[in-house]
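**Student:** Below: one structure in structure tokens.
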Amino acid sequence: MFEKLLIANRGEIACRIASTARRMGIRTVAIYSDIDRDSLHVEACDEAIAIGGTSSADSYLKIDKVLNAAIETESDAIHPGYGFLSENPKLAKECATTKISFVGPPATAIEVMGSKSKAKKLMESAGVPLVPGYHGEAQEISYLSQKAEEIGLPILVKASAGGGGRGMRIVESLNDLKAAVISSKREAKAAFSDDHLMLEKFITEPRHIEVQIFADKKGNVVHLFERDCSVQRRYQKVIEEAPAPNLSIEMRKKLFEAALAAVRAINYVGAGTIEFIADANQFYFIEMNTRLQVEHSVTEAISGIDLVEWQIRIASGERLPLRQEEITQNGHAIEARLYAEDPITFQPQAGVIKHLKLPFDKVRVDTAVRSGDAVSIYYDPMISKLTAHDATRELARSKLLYAIEETEIDGLVSNRQFLMHALGHPRFKSAHLHTGFVEENANSLLKPNGNPDQLHQALAAVLLLKKRFGEHMDIVDAHNKNLSPWDEKVGWRVNGPGLFEIDLSYNGEIKSFLLSLENKHFQILRPFNKKMLMPAIRWNSQNHGSLLLTTETKNKSINFYADFEHVTFFSKERTLSFVSPRKATSSNTDHSDEKSFTAPMPAKIISVNVHAGTEVTAGTILIILEAMKIENPIRATKSGVVEEVFFAEGDIVEEGEILLKFTPAEIN
């Protein structure tokens with residue numbers, strides 16, 4: 001068994017691997033980039049070594065830096081986690097050269113299965129069913145167009161070397177093929193350093209089902225059942241479950257047989273996942289991921305097996321711990337990925353997490369961030385994975401929904417609201433799922449919060465005022481030990497209650513509030529008239545607490561996070577954030593005047609398609625931003641002329657920065 005394991009990754013998966021290694025008595029080494037110096041995964045390991053850089057390309061994707069770190073710390077094994085170098089055959093080869101064990105399959109298997117086109121040819125020879133498509137070497141637009149016609153539209157343009165939705169486009173018309181190919185190649189090159197593409201027939205209403213497999217160096221192969229990963233946005237999984245619901249016994253048996261045939265065809269070793277696309281009667285091979293999956297937690301939950309432990313044992317030369325007949329399935333598990341992203345547009349978010357409360361006491365929580373940590377534009381914006389396990393699917397669904405309702409996050413926007421809508425949707429409850437579930441049910445899943453009610457507006461106003469009064473009360477309390485009217489914290493006056501003004505902004509709309517504060521009551525006089533009992537405030541920390549509202553019929557508690565400039569209320573239905581423009585600034589991000597375009601998120605500019613004087617039509621892509629490895633085009637909403645462009649390719653922009661000025665045609 002290994003004595004020291006270097007984890008060539010970051011985030012929650014690095015923490016996850018370190019946890020198992022510690023239980024097995026294996027010392028761990030973390031690597032970290034410049035901006036990850038204080039990250040949780042660094043604290044989770046016994047040692048840590050800096051590899052420099054900020055972006056993935058300058059840090060976690062540098063094979064020489066990873067190997068040097070392993071040599072310097074005298075590590076005898078490297079675990080790549082998922083993403084980054086986990087499916088890079090060069091790392092596996094270099095490990096073999098330096099006699100450091102690679103916790104993963106041999107380089108030959110990674111190489112073959114890492115190319116989707118090569119993998120499909122091999123699977124075809126092994127008798128594994130394939131989606132009709134083109135997986136060849138020729139990449140000319142004219143030839144791809146010819147192949148697209150032969151396959152039949154709609155088709156899927158896919159990066160051959162990668163996954164996670166990178167470099168993937170649906171094409172419904174041959175007129176759109178050229179633009180899709182150019183965009184896919186650029187995104188694939190940036191994500192995988194390989195712009196080779198393939199074409200596949202696009203299947204309507206498909207399910208995404210995958211089989212977890214394991215193989216040892218003795219030739220033994222087993223499966224650990226299947227997962228359903230059909231709930232996706234931007235071709236990326238967001239809710240996964242095991243086992244796959246509404247799957248016939250016959251279909252499940254054939255899936256397992258196909259997965260094991262695929263593994264045996266490449267003499268595989270370690271953990272792997274065979275991914276299929278399926279409809280009601282048939283399934284087709286998509287790709288093989290030669291690594292641990294993000295969603296491995298649901299398989300661990302229903303099997304009771306620590307997949308990371310199995311990986312380490314197999315890499316050290318041990319046999320599979322269990323035979324196929326000894327592996328049993330127990331209950332149902334569902335995982336949801338909590339991301340820093342807009343719950344309606346799915347635009348990645350970046351910034352500091354001011355407050356984070358995760359439901360550790362209710363479900364399994366995999367995370368690598370805490371309150372005060374920053375989500376960077378350079379890496380994946382995942383905050384946490386939440387996994388619920390119970391005897392039935394409905395019990396697991398209810399448990400996970402309750403856990404997400406209890407989750408609190410402030411400082412940046414998250415997809416918490418979307419996850420609640422998805423888990424509570426009737427079609428999810430009945431397990432009628434396919435990869436177009438989100439788009440098909442967008443009206444009910446991607447709902448904005450709507451305007452806050454008067455109660456929350458009133459509470460926000462009074463809470464922010466009381467928070468500001470508290471700035472000076474420590475000094476007052478230190479000098480005044482005896483209670484008197486002059487010590488009243490809510491502005492007592494000898495000639496009556498005090499009046500205070502405060503501006504509150506919600507979603508960019510500013511309202512001016514006039515309040516009257518007394519000892520037991522407060523009253524909103526403007527912009528509406530409402531009188532309430534002063535709520536009791538219970539502080540859990542300097543900025544987090546709860547308001548206890550007392551009415552004639554019941555008491556109600558509302559959790560909040562507040563500082564001197566904003567307050568956020570957390571409820572099971574939604575999160576409401578109010579900003580007081582005492583110091584805050586606002587930016588126009590909705591293009592309402594259509595004379596300027598602003599960055600919707602912190603990002604890197606990867607393409608500037610226009611210059612001053614360029615005439616454009618509605619829909620024209622003006623600038624392309626990249627954040628968290630996702631391309632985000634900024635399009636003209638009307639025809640007009642570009643007046644001025646403020647940034648160039650390669651520049652980093654912050655959210656709200658004006659990218660260019662634009663004059664609509666009717667104004668020009």
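**Student:** Through the Karplus equation 6.51 cos²θ - 1.76 cosθ + 1.60, θ set to phi - 60°, convert the phi angles of region 237-246 into ³J(HN,Hα) values in whole Hz; use x for Gly and Pro.
**Tutor:** Per-residue couplings from phi come out as 5, 9, 9, 10, 8, 8, x, 5, x, 6 Hz.
**Student:** Of the heavy-atom accessible surface of region 595-661 (probe 1.4 angstrom), what whole percent is carbon and sulfur?
**Tutor:** Using a 1.4 Å probe with all protein chains present, region 595-661 comes out at 48 percent carbon and sulfur.
**Student:** Per the Kirkwood definition applied to all pairs of different Cα atoms, how many angstroms is the hydrodynamic radius of region 6-73?
**Tutor:** Value: 11.7 Å, from the Cα pair sum.
**Student:** Let me ask something additional. Within region 1-111, what whole-number % of the accessible surface is contributed by carbon and sulfur, with the 1.4 Å probe and all protein chains included in the calculation?
**Tutor:** Carbon and sulfur atoms account for 46 percent of the accessible area of region 1-111.
**Student:** Rounded to whole Å, give me the distance from the Cα center of region 611-648 to that of region 177-200.
**Tutor:** 21 Å
**Student:** Gap in Å between the Cα centre of region 240-254 and the Cα centre of region 1-25?
**Tutor:** Taking the Cα centre of region 240-254 as reference, the centre of region 1-25 is 32 Å away.
**Student:** Also: Amide H to amide H under 5 Å from Met601: which residues, 5+ apart in sequence or cross-chain, H placed 1.01 Å off N in plane?
**Tutor:** Excluding prolines and chain starts, which carry no amide H, the hits are Gly656.
**Student:** Determine ³J(HN,Hα), in whole Hz, for all residues of region 303-313 in sequence, where each value follows from phi through the Karplus function 6.51 cos²θ - 1.76 cosθ + 1.60 and θ = phi - 60°; x replaces Gly and Pro.
**Tutor:** Ordered by residue, 3J(HN,Hα) equals 9, x, 10, 7, 5, 5, 4, 4, 4, 5, 5 Hz.
**Student:** List, in the order given, every pair from Lys158/Lys189; Lys120/Lys147; Lys4/Lys385; Lys93/Lys237 whose Cα-Cα distance in the structure shown is over 19 Å.
**Tutor:** Over 19 Å Cα-Cα: Lys4/Lys385; Lys93/Lys237.
**Student:** What does the extension gain come out to for Gln324 and Ser505, with contour length at 0.36 nm per residue minus their alpha carbon separation?
**Tutor:** Additional length available on full extension: 59.2 nm.
**Student:** For region 176-307, give the percent of accessible area contributed by carbon and sulfur heavy atoms, probe 1.4 Å, rounded to a whole number.
**Tutor:** Within region 176-307, the accessible surface is 49 percent carbon and sulfur.
**Student:** Do me a favour and compute the ellipsoid semi-axes for region 329-418 from its Cα gyration tensor, root of five times each eigenvalue, largest one first, whole Å.
**Tutor:** Gyration-tensor ellipsoid for region 329-418: 25, 13, 11 Å.
**Student:** Assuming R0 = 30 Å, what is the FRET efficiency of Ile621 and Thr54, from their Cβ-Cβ distance, to the nearest 0.05?
**Tutor:** The value I calculate is 0.65.
**Student:** Quick one: which of 201-208, 620-627, 415-422 comes out on top by average Cβ neighbours within 10 Å, and what's the full order, highest first?
**Tutor:** Going by the mean number of other Cβ atoms within 10 Å, highest first, we get 415-422, 620-627, 201-208.
**Student:** Residues of the chain: accessible area per residue at 1.4 Å, in Å²?
**Tutor:** With the other protein chains kept in place, the chain gives 43 Å² per residue.
**Student:** If you bin the C-alpha pair distances of region 152-301 every 5 Å from 0, what whole percents do you get?
**Tutor:** Per 5 Å bin, starting at 0, the Cα pair percentages come out as 2, 9, 17, 19, 19, 17, 10, 5, 1, 0, 0.
**Student:** Treating the beta-carbon of each Lys and Arg as +1 and of each Asp and Glu as -1, no other charges, what is the dipole magnitude of the chain about its Cα centre, to the nearest 20 debye?
**Tutor:** Magnitude of the dipole: close to 1240 debye.
**Student:** While we're on this one: Given the Cα-Cα distance of Glu149 and Arg252 and 0.36 nm per residue of separation, how much length would full extension add, in nm?
**Tutor:** 33.8 nm
**Student:** Spelling out what I want: for every residue of region 526-537, take phi, set θ = phi - 60°, compute 6.51 cos²θ - 1.76 cosθ + 1.60 (Karplus), and round to whole Hz; glycine and proline get x.
**Tutor:** Each residue of region 526-537 in turn: 8, x, 9, 10, 8, 10, 9, 5, 5, x, 7, 9 Hz.
**Student:** Given 4 °C and 1.567 mPa s, how large is the Stokes-Einstein diffusion coefficient of the chain in µm²/s, with Rh as the Kirkwood radius over Cα pairs?
**Tutor:** Answer, rounded: 47 µm²/s.
**Student:** Ranked highest first by the average count of other Cβ atoms within 10 Å around their residues, in what order do 172-184, 298-310, 65-77 fall?
**Tutor:** 298-310, 65-77, 172-184
**Student:** List the residues, sorted by chain then number, that are 5 or more residues from Glu643 or on another chain and whose placed amide H is less than 5 Å from its amide H.
**Tutor:** Long-range HN contacts for Glu643: Gly613, Lys661, Phe662, Thr663.
The values are calculated or read from the model by the stated rules, or taken from the named source; none is laboratory data. Here the structure is a predicted model, which means the values were calculated and not measured. Counting neighbours? That spans all protein chains shown, and the Cβs are built from the backbone with ideal geometry, glycine included. Please note that ligands, DNA and RNA were not included when accessible areas were found on the heavy atoms of the full protein model with its side chains. Shrake-Rupley method; radii C 1.70, N 1.55, O 1.52, S 1.80 Å.
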